[in-house]
1. May I ask you to say which residue of N91, N111 is in contact with a helix residue (DSSP H, G or I) (Cβ under 8 Å, 6 or more places away or on another chain), open to solvent by 50 Å² or more (accessible area, probe 1.4 Å), touching a residue at least 24 places away in the same chain (Cβ under 8 Å) and closer than 18 Å to V206 by Cα?
2. Does Y132 meet the test of being hydroxyl-bearing (S, T, Y), open to solvent by less than 20 Å² (accessible area, probe 1.4 Å) and at pLDDT 90 or above?
3. Could you go through the stretch 118-128 and let me know if any residue there is in contact with a Ser or Thr (Cβ under 9 Å, 6 or more places away or on another chain) and open to solvent by 50 Å² or more (accessible area, probe 1.4 Å).
4. Could you tell me how many of the residues in the stretch 137-153 are in a helix (DSSP H, G or I) and open to solvent by 60 Å² or more (accessible area, probe 1.4 Å)?
5. Restrict the check to the stretch 154-169 and report whether at least one residue is among the aromatic types (F, W, Y), loosely packed, with under 12 Cβ neighbours inside 10 Å and either modelled with pLDDT of 80 or more or under 28 Å from E97 (Cβ atoms) (or both).
6. Could you list all residues from the stretch 31-85 that are open to solvent by 60 Å² or more (accessible area, probe 1.4 Å), more than 26 Å from N211 (Cβ to Cβ) and not basic (K, R)?
Amino acid sequence: MSANYSLLKTSENELLAKFRTFAKHVILSWKELYKTLSAEKTISKKKLELFFEYEDQSNHYEAEILDDAMWTISKNQPVGNHLRFVIAILNSITDLERMADYVMSTARFYNTHKVIDNKIFSLLLDSIKDSYTYIEKIINCLINKKAVETYELAVKYQKNYQVKYQETMHLLSKYIHNMSAKQVSDFLTGSIIIFKHVERNVDHAVNIAENFIYIKESNFFFTKKSKQAEK
């Protein structure tokens, strides 16, 4: 075994460990958001400061992984699967960063807006819980199993979530029909965007699973596009 190979594997393990820490932090942020909204139906100024701290920590994790990845590329000059691993990590932390941003934007919204409809709010809470539960299962599978198994699981969860999301949108349309014009305006300026954020979380988790398949199957994204074009 060459010295360079050993260095590359060490770098990969270190990057993966930091990626795992970042992912767990994002999931924790969503859980804390769900817990706070369930208990208080709002985000107090004090709680908002906590979510700002979560956001700062997310930015720190992203910057640290980015620096380590750049160092690995410049120092060890990875090629083939090793280089694709680094690219997968870099693409995946972008997905994690977006998921962390969604937490912050949701916290900000409920810091300045009151719950306008308990039924809609209950649907949102259910969507948040379903979303972070799926994400956690996908990330745990990725850490403990092969990428292909994770991707298959992620696609399954994505389809399941899409069914629930469509059902939720159908219920929302009924609730909105009975709301005043001002209530609809307030809802459309915030809540509907948050529903979309929550739905996008699962898509980002699928993206992460796809990124790790790319390590072993370099033609994966080309094949995926070809299959989508055929549909």
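1. Only one candidate passes the filter, namely N91.
2. no
3. Taking every residue of the stretch 118-128 in turn, at least one turns out to be in contact with a Ser or Thr (Cβ under 9 Å, 6 or more places away or on another chain) and open to solvent by 50 Å² or more (accessible area, probe 1.4 Å).
4. Just the residues of the stretch 137-153 that are in a helix (DSSP H, G or I), to begin with: 137-144, 147-153.
Imposing the further condition that a residue be open to solvent by 60 Å² or more (accessible area, probe 1.4 Å) reduces the set to 137, 140, 144, 148-149, 152.
Qualifying residue count for the region: 6.
5. no
6. Scanning the stretch 31-85 gives A39, E40, E49, F52, E53.
The values are calculated or read from the model by the stated rules, or taken from the named source; none is laboratory data. For clarity, every value in this text was computed on a predicted model and none was experimentally measured. Don't worry about glycine lacking a Cβ; one is built from the backbone with ideal geometry, like all the others, and counts go over all protein chains shown. Remember, those area values only see protein heavy atoms, side chains included, never the ligands or the DNA or RNA. Shrake-Rupley method; radii C 1.70, N 1.55, O 1.52, S 1.80 Å.
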